[in-house]
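Working notes, beginning with the structure itself.
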Amino acid sequence: MEVGQYRVALRWGDMDALGHVNQAVYHELLEEARTAMLEALPTPPKGAFVMARVELDYRREIPLAHRYVDVTLKVEAVGRSSITVFQRIVRSDGVLAADGRSVMVAWDRQRRGSRPLSDGELVMLRELQAQAGGSTADE
């Protein structure tokens, strides 16, 4: 089971001279969905998260005719201070446009460094991970 599906509207400025969504915008679409995922948790995380790694395979273009995409996310792994999320961008016609993984690290704003996930965050994220059939990461 996937954590969620988030519909993200495309904007005119997302397009490039070739008439399709610019490759850099794919990352913005994923960020919008990841933010929505964290905000949708029963108890939103107490701290911030930063990106540690992103891998993305571009499968198909997203032409101007598509007004939105659906981004699906699932938690694959939960570590001491990080989570790995599998993500997909699907065009409005159901065609897979991109897929990949992101690693997000819990961030301490005062110390300007990583922090361990809180007990509450671990419970929620491991529940989502179990629903998605993910594994526990060792850090």
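Let me confirm something: among Ser114, Ser102, which residue is of a type in the set (Ser, Thr, Tyr), closer than 22 Å to Val8 by Cα and in contact with a Ser or Thr (Cβ under 8 Å, 6 or more places away or on another chain)?
Just one listed residue meets the conditions, Ser102.
Go over the candidates Val90, Val71, Val3 one by one and state the one that is at pLDDT 95 or above, closer than 19 Å to Gln131 by Cα, of a type outside the set (Phe, Trp, Tyr) and surrounded by 18 or more Cβ atoms within 10 Å (Cβ to Cβ).
Selected residue: Val71, the only one of Val90, Val71, Val3 that is at pLDDT 95 or above, closer than 19 Å to Gln131 by Cα, of a type outside the set (Phe, Trp, Tyr) and surrounded by 18 or more Cβ atoms within 10 Å (Cβ to Cβ).
Given the residues Asp99, Asp57, which is the only one that is among the acidic types (Asp, Glu), closer than 29 Å to Met124 by Cα, in contact with an Asp or Glu (Cβ under 8 Å, 6 or more places away or on another chain) and surrounded by fewer than 16 Cβ atoms within 10 Å (Cβ to Cβ)?
It is Asp57.
The values are calculated or read from the model by the stated rules, or taken from the named source; none is laboratory data. Here the structure is a predicted model, which is why all the values come from computation and not from measurement. Please note: Cβ atoms are built from the backbone with ideal geometry, for glycine as well, and neighbour counts cover all protein chains shown.
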